[in-house]
Amino acid sequence: MIPHHTSIYKKTFFLIFLLLSTLNTFAQEIVNSLPLELKKSSAVFQIANPEKNTVTLFVRDSLKIKAINLDEKMQIVDSISAKRPNLKTYTNIIGYNKSNGNTRLFWSSTNYEAIFAQLFNTNSRETITKEYKLVLKNEKVIQKFSQDENFYILTVLKNSDIFKLYIFDSEGNYTEKMITTEGFHFFTSDYKKSDLYTAFSESLLPFEAPFSLQNITVENQTSLIDAAKKRKCYFNNKQLVITLDTNIDFTQAILIDLQSFTATEKMIKKQYLVGDRKFLNSNSFYFDNKLYQLKTSSGIIYFTIKDLEDNILKEYFANSTKPIAFKNSEFHEQGGSLRAKRTLASSPLFILKSNNLFLGLSCYQTGLNTFITFGGVSELKQSADQTTINQFGLTEDIVFSTSMEDFDSSSNRRVVKTEGLFDTAGNRIKGKLIPLASDKISTFFDKNNTISAQTLFKLDAYYLGYYDNKTKEYIIRKFED
């Protein structure tokens, strides 16, 4: 009977292996190969429409730009080409909006005072253009947002407590809205009282430049590199939430209503830790109307979940004698000078290394649960010719898709991290983590380091586009959680 049982086990194992292999292949399937020959000056980016599960792929070079509309199966529906605007004046693509199902791109000069709108009308087979002149002498642009029918440019007025929004609608018209934060509690990182403008003018180099504000899209899995920024914003069509973590003792949240154009302030305290403030570290992540805060010293870590009224919903703590109990994975270190990913031996080592880096945490919805990444990242080590190129190989300012830098284990940053899975009440869910699309994309990058013109976006799953120099095709692969 033993051989009989062995035979059954072997057959069962083979069927399970076959099923898993099939699922793994499906999770990374090629959904389309577009015959597309790119010039050296070409760049590719995309604008995804999650509601319709479609995407518009843009290919631009020094002379023209082409919009290629793809359906839910990533098959070409139609395309339209147009001459790109004056190269000397319009250097960047900064955003887009929608107009009757068509896409309007916004180009800008380096100082944002000259704006050029380019509407790709696939029905009439024409491109409609319009120019705008903005006066930004006494204000600084800190971020741009695109959603559905509106495109926004957010600025802060010099030596003031005032935000200004430039709103471009689906008809191509624009309005200006002032949003005051008078009476809010602005401080620099060394606790000096300041105004709104000074809060953004503070240099956080080498990791963050003055007047920078990291835009976070929580529907996508956020890179630790983005989450470790101290000034972040979270945008939807009704509200803009800005979080400032420049001060070690609290998170300042500014909630801007995009219908009344009024602002509300929330001050959420961080866990008090004894020690020299210079050697403490902290950050936060806004998710599901809650604030997830992380605070560390060289030997202590606090992870706290709060509502915006500063009430503690859940709290976790670890130190040299109490190991981290809110993780579901090993402690990993990768990138930078490391040739391969390595495992860290203990909680104290993870805490020490994270505290010495730019600290961060990010949240991502998976099913009914929240997947959280904890850790720290180093500054970017790069050559001068890389400084103007972002994750798409473009010199554009706009972020059209998910950051890819965190998927690359050969990145010029050092990353220390661990992950945990939590329910809606903030309780840690025990067990091994199921690989996410990001893990599969990381593996793909490790094995394919010669591809170019990559794009990454999320619809019903993650889609990775890249150019195959041998076949002269643009390939789109699908990766599922």
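The values are calculated or read from the model by the stated rules, or taken from the named source; none is laboratory data. Treat the numbers as computed from the prediction; the structure is a model and nothing was measured. So basically every Cβ, Gly included, is an ideal-geometry build from the backbone, and we count neighbours across all protein chains shown. We work out accessible area using only protein heavy atoms, side chains counted, and drop any ligands, DNA or RNA first. Shrake-Rupley method; radii C 1.70, N 1.55, O 1.52, S 1.80 Å.
What the table shows:
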read-out	value
Probe 1.4 Å, accessible area per residue of the chain, Å²	48 Å²
Semi-axis lengths, Å, region 190-321, gyration tensor of Cα atoms, sqrt of 5 times eigenvalues	24, 18, 15
Probe 1.4 Å, all protein chains present, accessible-area order of Glu473, Glu176, largest first	Glu176, Glu473
Shape category assigned to region 133-239 from the gyration tensor of Cα positions, a/c cut at 1.5	oblate
Shape category assigned to the chain from the gyration tensor of Cα positions, a/c cut at 1.5	oblate
Cβ-placed point charges (K, R +1; D, E -1), dipole of the chain about Cα centre in debye, nearest 20	1100 debye
Set Lys290/Lys430; Lys295/Lys447; Lys238/Lys430; Lys52/Lys98; Lys140/Lys278 screened for pairs whose C-alpha atoms are more than 24 Å apart	Lys295/Lys447; Lys238/Lys430; Lys140/Lys278
Contact order relative to length of the chain, as percent, for alpha carbon pairs under 8 angstrom and 6 or more apart	13 percent
Mean Cα-pair separation over length for region 40-177, i.e. relative contact order, pairs under 8 Å, 6 or more apart, %	13 percent
Added length on full extension, which subtracts the Cα-Cα distance from 0.36 nm per residue, Lys73 to Arg342	93.0 nm
Relative contact order computed over region 121-197 (Cα-Cα under 8 Å; 6+ residues apart), in percent	21 percent
Gain upon complete extension [Glu219, Ile451; 0.36 nm per residue less C-alpha separation]	80.9 nm
Cross-link pairs Lys432/Lys478; Lys40/Lys64; Lys39/Lys130 - those with Cα-Cα distance over 18 Å	Lys432/Lys478; Lys39/Lys130
Computed accessible area, Lys133, all protein chains, 1.4 angstrom probe, square angstrom	140 Å²
Amide H contacts under 5 Å for Ser223, placed H, 5+ residues apart	Ser403
Phi to ³J(HN,Hα) by Karplus 6.51 cos²θ - 1.76 cosθ + 1.60 over region 57-65, Hz, x for Gly, Pro	9, 10, 10, 10, 10, 6, 10, 9, 9
Cα→Cβ-extended label distance, 7 Å offset, between Glu37 and Ser329, nm	4.2 nm
